[in-house]
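Worksheet: one structure, shown below.
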Amino acid sequence: MTNIQGIAASSGIAIAKAYQLVTPSLNYEKKTVENVDKEIERLDDALDISKQELEKIKAHTKKELGDEHAEIFSAHLLVLSDPELINPMKEKIKSDNVVAEAALEETANMFIDMFKNMDNEYMRERAADIQDVTKRVMAHLIGVTFPDPALIDEEVIVIANDLTPSDTAQLNRQFVKGFATDIGGRTSHSAIMARSLEIPAVVGTKEVTQSIQQDDMLIVDGIEGVVIVNPSDEELKAYQEKQENFAKQKEEWAKLKDEPSLSKDGEQVELAANIGTPEDVVGVLDNGGEGIGLYRTEFLYMGKSALPTEEEQYEAYKSVLEQMNDKPVVVRTLDIGGDKELSYLDLPEELNPFLGFRAIRFCLENEDIFRTQLRALLRASVHGNLKIMFPMIATLEEFRQAKALLLDEKENLKNEGKDVSDSIEIGIMVEIPSTAVIAKQFAKEVDFFSIGTNDLIQYTMAADRMNEQVSYLYQPYHPAILNLVNNVIEAAHSEGKWAGMCGEMAGDSIAIPILLGLGLDEFSMSATSILPARTQIRGLSKEKMESYKDKILSMGTAEEVMEFVKEKTE
Ligand code: PEP
Ligand code: MG
């Protein structure tokens, strides 16, 4: 057996065999052939089997995620049946006497290049479709297996270099018991999704895809951040026990589901949840969430072949608001870019995507896309307690511009005779240091702040949140971070506004006592962290934590802060 150390990304213990989700090499030997009919037959066979697989994936996606997510596979199936694409491949085999692989690659590339450079967005999407499906056909021609997370039909632990948010969304919860990746950190989106799917996960191991073979027996310990490969009988037994204890602990936490989030000295805070889809709301309510502190709307835009319409968005927002039944719901407008890509928008490749054209920067440049979302949100506002916030605000001008567009759309809707709530709070995410530093100026204009520490830490410490090589610098308890957080909370309170936190730090057991002492009003976290957090807060005195505030803020290192908090809260 081998133990592989990584970062604990989603708690729990999973025991199952490995499923390698690794794209195989698609290299082939470019040679000429005598028997062209045989090559054409090989191509036809590869096309047929690819179509059968896509039909299965489409049916599965439709069942698990609904029609709109399945749509992309209909587009892929159309590509594989399109004579305008397939006939030239066969012609090429006949005229150039090349292997089917070469005919497939060269013809597909010709169409991809042609479509990619067109002005028409629909045609650019076709380029992405062709690229995707030809990989599958190529794998069949070469004789290698192309992994399909949606087709998994037995209990497995998925092993991958990284899982994109759309890969993670496709994982079948019934069979995928856990996952482990080479790259990523606690705040990478695959980790965040794992927590909302309640799947144990370990990320940033640097080596799982190298060290683990298909079908190896694995234990993923998402509490300690370890993957055990081919465990001994004793280890297996010990982990089965740990798994049972974790289940018992969860039962204990569950007793607080309907209890208020009160500190020992009777001070109330709000414990809310971060979600990615309307389907996540069930988990929030099951875990005693008092609100939604962050609805990451970008998942509505991902895993699809085109932008979601106003109507589709309206339905999603309405569903979340109605399910939450007048509890607060903070919806964040589109935060695309960074590690969240939209293939159909064909955004330019950037050297530093996390510092690039993303989130509000993208929305203010693409007003039509932004206005569609704002209209959907405004229309949904009558179905519950909606608050809207803008991501990645770096300047007051950006906030003013975004707010003006929101108010403009509100006016338009009213003129069209549509109902819009008049009590929507408008806030911002504080995740860029410039905004945290001048929070006082912002507090005069916004209704609330939600501190996005996942990004605030990476920008303050200049340490990429996805890069495990610099993860030692990713320090939530660093005094620089705590001083910025304090600045934001004080600024909000001085203007009578509220301050929340929706970065992962809000659910961290060392950070919680500090944040309680700094006066944070709302803590928004993965749904599964809510009950442990409530248990912890009920054992803490807010007044006592407040009395440590100046001391903590004047400390020099994260280590000192951590030691101090541990000592005082034992
Ligand atoms: C954050 O940056 O803290 C945050 C909550 O947003 P995201 O993780 O989606 O970037
Ligand atoms: Mg962020």
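Bear in mind these aren't lab numbers, they're just calculated from the coordinates by the rules spelled out. Just so we're clear, the structure is a prediction, and the values are computed from it rather than from any experiment. Note that we place each Cβ from the backbone using ideal geometry, even for glycine, and neighbour counts take in every protein chain shown.
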Furthest towards positive pole of dipole, VAL133, MET123, ILE157, structure part the stretch 105-163, Cβ charges: MET123
Loop-located GluC sites (Glu not before Pro) in the stretch 382-438 whose Cβ has at most 11 other Cβ within 10 Å (DSSP): GLU416
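Cα gyration tensor of the stretch 1-107, axes a ≥ b ≥ c as square roots of the eigenvalues: rounded (a/c below 1.5), prolate (a/b > b/c) or oblate?
Details: a/c = 3.43, a/b = 1.69, b/c = 2.03.
Oblate, because a/c is 1.5 or more while a/b does not exceed b/c.
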Entries of LYS17/LYS248; LYS206/LYS257; LYS318/LYS403; LYS62/LYS414; LYS38/LYS135; LYS340/LYS549 with Cα pairs more than 31 Å apart: LYS206/LYS257; LYS62/LYS414; LYS340/LYS549
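For LYS206 and PHE564, what is the calculated FRET efficiency with R₀ set at 30 Å and r taken between the beta-carbons, to the nearest 0.05? Please report the intermediate quantities before stating the final value.
Working: r = 32 Å, r/R0 = 1.06.
Given R0 = 30 Å and the Cβ-Cβ separation, E is 0.40.
Please give the charge dipole size of the chain, origin at the Cα centre, charges +1 on K and R Cβ atoms and -1 on D and E Cβ atoms. Round to the nearest 20 debye.
Numbers: 59 positive and 101 negative charges, 224 e Å.
Computed charge dipole of the chain: roughly 1080 debye.
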Local electrostatic count, THR528, Cβ distance below 9 Å [Lys/Arg +1, Asp/Glu -1]: +1
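Do any GluC sites (Glu not before Pro) in the stretch 280-360 lie in a loop, going by DSSP, with at most 14 other beta-carbon atoms within 10 Å of their beta carbon, and if so which?
Working: sites: GLU290, GLU298, GLU310, GLU311, GLU312, GLU315, GLU322, GLU341, GLU349, GLU350; in loops: GLU290, GLU341, GLU349, GLU350.
Answer in residue order: GLU349, GLU350.
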Dmax and Rg, reported as Rg then Dmax, of the chain (C-alpha, Å): 25.3, 85
The stretch 255-569 - charge dipole about Cα centre, Lys and Arg +1 at Cβ, Asp and Glu -1, debye rounded to 20: 680 debye
Mean-position separation - Cα centroids, the stretch 302-355 and the stretch 383-453, in angstrom: 16 Å
Structure-based [θ]222 nm, the chain - -39500 (n - 2.57) summed over DSSP H runs of at least 4, per residue, nearest 500: -15000 deg cm²/dmol
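Could you tell me which of rounded, prolate or oblate describes the stretch 331-462, using a ≥ b ≥ c as the square roots of the eigenvalues of the alpha-carbon gyration tensor, with rounded for a/c under 1.5 and, failing that, prolate when a/b is larger than b/c and oblate otherwise? Could the numbers behind the result be given before it?
Numbers: a/c = 2.20, a/b = 1.35, b/c = 1.64.
In terms of gyration-tensor shape, oblate.
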Lys/Arg +1, Asp/Glu -1 at C-beta; the chain dipole; positive extreme among ILE428, ALA558, SER529: ALA558
Zero-based 5 Å bins, Cα pair distances in the stretch 89-164, whole percents: 3, 13, 17, 17, 17, 15, 10, 6, 2, 0
Tensor-based shape of the stretch 238-312 (alpha-carbon gyration tensor, a/c under 1.5 rounded, otherwise prolate or oblate): oblate
Potential extension, MET217-SER494 segment - 0.36 nm per residue separation minus Cα distance: 94.1 nm
Around SER423: net Lys/Arg minus Asp/Glu count, Cβ-Cβ under 14 Å: -3
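For ASP182, ASP455, what's the fewest-to-most ordering of other Cβ within 10 Å of each Cβ?
Numbers: ASP182 20, ASP455 23.
Fewest-to-most Cβ neighbours within 10 Å comes out as ASP182, ASP455.
Let me have the relative contact order for the stretch 166-228, percent, based on Cα pairs under 8 Å that are six or more residues apart.
Values: 80 pairs, mean separation 20.3, N = 63.
The value is 32 percent.
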